Amino acid sequence: MAILFIGLAILTGRWLDARVGDGNSWFTIGLLLLSVPIVLYLTMRLALRSTRGLSSNTVSEIEEDEEFNSDDRIT
């Protein structure tokens, strides 16, 4: 997803530079720099969503294992 977004920024910037630009790559540089924080935000959001699901599953599995292990111990 990040590569797609950055690639889209580069292609759009190059297209705008060809249409409007005077030989400089200002649109390409600008769109590329603008895409970096957006990609970081999307990556963090994806990572947080993934870890949220992982941590809730892990806690419930640990609780189930503790209950199972405590039933097996006969003293």
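Pairs please, first residue from the stretch 17-43 and free of Cβ contacts under 8 Å to residues at least 60 places away in the same chain and over 20 Å from Leu4 (Cα atoms), second anywhere and surrounded by 13 or more Cβ atoms within 10 Å (Cβ to Cβ) and among the polar types (S, T, N, Q), Cβ atoms under 9 Å, 6+ apart in sequence or on different chains.
Gly21/Thr28
What are the residues in the stretch 27-48 that are of a type in the set (S, T, N, Q) and farther than 10 Å from Thr12 by Cβ, if any?
Across the stretch 27-48, the qualifying residue is only Thr43.
If I filter the stretch 1-44 down to residues being small (Gly, Ala, Ser) and part of a helix (DSSP H, G or I), which single residue comes out as modelled with the lowest pLDDT?
Ala2
The values are calculated or read from the model by the stated rules, or taken from the named source; none is laboratory data. Being a predicted model, the structure only gives us computed values, none of them experimental. Please note: Cβ atoms are built from the backbone with ideal geometry, for glycine as well, and neighbour counts cover all protein chains shown.
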